[in-house]
Amino acid sequence: MRPAIERAVSLVGVAEPYGRDAQLVPSADPDADPVPWTGAPLSLGDVQTLRAIVVHGCLLVTAAVSGMRSSELLELDAASCRPPAQLPGGRTRFVLSGRLVKHRDERQKVTEEWTVIEEAYRAVELAARLTGPNHCAFHTTMISHAVRQFRPWVNSPAGQRLGLAPIPDGPVNGRMLRRTLALALAHRPGGVLAAKIHLKHVSVVTTEGYADPRELHQTGEKSQVTCSRREPGGLRRYYDLTS
């Protein structure tokens, strides 16, 4: 028996089965060289944990740069990623389709679309692939929980090896992300109207309240999007909503 085991070990080794010959991927640090996507071979449990972390990251990206409510994020699936549309000037419009849920029961949900930047579109696309067909892209949309799971991994050696910017300590929730996005949009020419349309507000008065920095200050909240040192292209000219 021992010789057979030794031969098998010499052929396949004893390392975990996934990522033994990990392909190189671009580092998040533009000045760094490509790195293997994993620093060490992974077990099946490790892969499942990493998948959950990636889905949490996809949720945070989508929530932060789309402004969608938690109930609307839960409606997203693989079919939500509409085919990208080519616009004059070489631009591309990315659209997520879903349903408006707030103040509606199941029979009153309204089909709606959100024009987003490519990062949000790709995040939903990836999350839907990882969660599998016939499932929602996100099984939960508790932003604070996603941050508690995602931030330690990003700040760990595994995340730093990939060149990811450390995420500072502090509370983060969906309301903070949505209001921060409203600030980023509204403080541009024509931005209040663009924010109202994009955030699906019934009244512009609501948007103006979201766009008032005092609203964040009075609740002890800080801007979560505009402070990022790697923010996605100035929100792509507030999603080209005025085009």
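The values are calculated or read from the model by the stated rules, or taken from the named source; none is laboratory data. Source: prediction; values computed, not measured. Cβ atoms come from the backbone with ideal geometry, glycine included; neighbour counts cover every protein chain shown.
Here is a yes/no grid of residues against (1) out of contact with any Phe, Trp or Tyr (no Cβ under 7 Å at 6 or more places or on another chain); (2) modelled with pLDDT of 75 or more; (3) surrounded by 14 or more Cβ atoms within 10 Å (Cβ to Cβ); (4) not assigned by TED's automatic domain parsing to the domain that holds residue 152:
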{"residue": "185", "(1), (2), (3), (4)": "no, yes, yes, yes"}
{"residue": "194", "(1), (2), (3), (4)": "no, yes, yes, yes"}
{"residue": "197", "(1), (2), (3), (4)": "yes, no, yes, yes"}
{"residue": "205", "(1), (2), (3), (4)": "yes, no, no, yes"}
{"residue": "209", "(1), (2), (3), (4)": "yes, no, yes, yes"}
{"residue": "217", "(1), (2), (3), (4)": "yes, no, no, yes"}
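Out of 140, 131, report the one residue that is more than 11 Å from the chain's Cα centre (by Cα), loosely packed, with under 15 Cβ neighbours inside 10 Å and β-branched (Val, Ile, Thr).
Residue meeting the stated conditions: 140.
Residue check: is residue 140 assigned by TED's automatic domain parsing to the domain that holds residue 158, of a type in the set (S, T, N, Q) and either in contact with a Gly (Cβ under 7 Å, 6 or more places away or on another chain) or more than 20 Å from residue 197 (Cβ to Cβ) (or both)?
So residue 140 passes the test.
Can residue 124 be described as within 18 Å of residue 52 (Cβ to Cβ) and among the aliphatic types (A, V, I, L, M)?
yes
Would you point out which residue out of 22, 32, 8 is more than 26 Å from residue 128 (Cβ to Cβ) and assigned to a loop (DSSP other than H, G, I, E, B)?
On the way: 22 fails: more than 26 Å from residue 128 (Cβ to Cβ); 8 fails: assigned to a loop (DSSP other than H, G, I, E, B).
On inspection, the qualifying residue turns out to be 32.
Are there any strands (runs of 3 or more DSSP E) wholly within the range 59-121 with 2 or more residues that are surrounded by fewer than 19 Cβ atoms within 10 Å (Cβ to Cβ) and modelled with pLDDT of 90 or more, and if so which?
Once the strands (runs of 3 or more DSSP E) in the range 59-121 are filtered for at least 2 residues that are surrounded by fewer than 19 Cβ atoms within 10 Å (Cβ to Cβ) and modelled with pLDDT of 90 or more, what remains is 85-87, 91-100.
Only one residue in 179, 148 is of a type in the set (Lys, Arg), modelled with pLDDT under 85 and under 17 Å from the mean Cα position of the chain (by Cα), so which one is that?
Of 179, 148, the one residue that is of a type in the set (Lys, Arg), modelled with pLDDT under 85 and under 17 Å from the mean Cα position of the chain (by Cα) is 179.
(1) hydrophobic (A, V, I, L, M, F, W, C); (2) over 27 Å from residue 149 (Cα atoms); (3) touching a strand residue (DSSP E or B) at 6+ places or on another chain (Cβ under 8 Å): which one isn't true of residue 8, the others all being true?
Tallying (1) hydrophobic (A, V, I, L, M, F, W, C); (2) over 27 Å from residue 149 (Cα atoms); (3) touching a strand residue (DSSP E or B) at 6+ places or on another chain (Cβ under 8 Å), residue 8 fails exactly one: (3).
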